[in-house]
Amino acid sequence: MRNIFKFVGYWNPSLMVDLKGNANVEFEAPDNLTGWRVLILATTPTDAMGLGETGFKVNKPTEIRPVMPNQVTEGDSFEAAFSIMNRTETKREISVLLKAQGDIDAKNAAPLQQKIMLETYKRAIVKMPLQTKNSGKITFFASAKDQIDGDASEHVLLI
């Protein structure tokens, strides 16, 4: 389940290089499914400087992202939504599960299970109607999967 979302994926202010000026680094990318920009600033003992830049992308065949309202208050009715994307060359039937717990009206908060058909490189929105009960928070768990791949995410909405 993806739940580590960061704006800076890796920081190392003192990475040492070999005699040819090369260095290798390995790190686990955060759970953000996005493009990452890599910036390298190098200095020598004699104050010569250099700058390098590259990038890489982190994707999954199945992607799920929250699509929530900007603001929710006590007693509001709203649709909690999640965007599901098929990043493959194959049309797929994807099983989606949405759950919510917290300060919501329990009679309308049953987990939502739905199968959706997604064309290649297409996105669909799955919505779950809810009503807030008190001020506090709502924790959502969302998953989307088939026999090829799956993605899951947890999202917290403050009321």
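Gln101 satisfies every condition listed in (1) surrounded by 16 or more Cβ atoms within 10 Å (Cβ to Cβ); (2) part of a strand (DSSP E or B) except (1). The set of residues from region 24-51 being in contact (Cβ under 8 Å) with a residue 12 or more places away in the chain and over 30 Å from Asn86 (Cβ atoms) comprises Val25, Leu39, Ile40, Ala42, Leu51. So, in region 77-125, of the ones that are within 17 Å of Gln147 (Cβ to Cβ) and touching a Pro at 6+ places or on another chain (Cβ under 7 Å), which residue ends up modelled with the highest pLDDT? Checking each candidate, the answer is Leu97. Number of residues in region 1-23 that are of a type in the set (Asp, Glu) and at pLDDT below 80: the value is 0. Number of residues in region 130-153 that are within 17 Å of Ile84 (Cα to Cα), of a type outside the set (S, T, N, Q) and open to solvent by 70 Å² or more (accessible area, probe 1.4 Å): the value is 2. From the list Thr132, Thr139, the lone residue that is touching an Asp or Glu at 6+ places or on another chain (Cβ under 6 Å), touching a residue at least 24 places away in the same chain (Cβ under 8 Å) and at negative phi is Thr132. Here region 104-119 is the region considered, the condition is being in a loop (DSSP other than H, G, I, E, B) and aliphatic (A, V, I, L, M), and the residue that is most open to solvent (accessible area, probe 1.4 Å) is Ala110.
Yes or no: Thr90 under 19 Å from Leu33 (Cα atoms) and either open to solvent by less than 40 Å² (accessible area, probe 1.4 Å) or without any contact (Cβ under 8 Å) to a residue 60 or more places away in the chain (or both)? No; evaluated as a whole, the condition is false for this residue. Looking across region 96-115, the residues that are of a type outside the set (Val, Ile, Thr), touching a residue at least 24 places away in the same chain (Cβ under 8 Å), closer than 14 Å to Ser77 by Cβ and touching a Leu at 6+ places or on another chain (Cβ under 8 Å) come down to Ala100, Asp105. Listed by first and then second residue, the pairs with beta-carbon distance under 6 Å, at least 6 apart or on different chains, first residue in region 56-68 and polar (S, T, N, Q), second assigned to a strand (DSSP E or B), are Thr62/Ala144; Thr62/Gly150; Thr62/Asp151.
Just one of the listed residues (Val156, Val126, Val72) is open to solvent by 40 Å² or more (accessible area, probe 1.4 Å) and among the aliphatic types (A, V, I, L, M), namely Val156. Using the structure shown, decide if Thr54 is at pLDDT 90 or above, more than 23 Å from Leu118 (Cα to Cα), hydroxyl-bearing (Ser, Thr, Tyr) and not in a loop (DSSP other than H, G, I, E, B). In short, yes.
The values are calculated or read from the model by the stated rules, or taken from the named source; none is laboratory data. Since the structure is predicted, the reported quantities are computational estimates derived from the model, not experimental observations. Here Cβ is always computed from backbone atoms with ideal geometry, including for glycine, and neighbour counts include all displayed protein chains. For the accessible areas, the whole protein counts, side chains as well, though only heavy atoms, and no ligand, DNA or RNA atoms are used. Shrake-Rupley method; radii C 1.70, N 1.55, O 1.52, S 1.80 Å.
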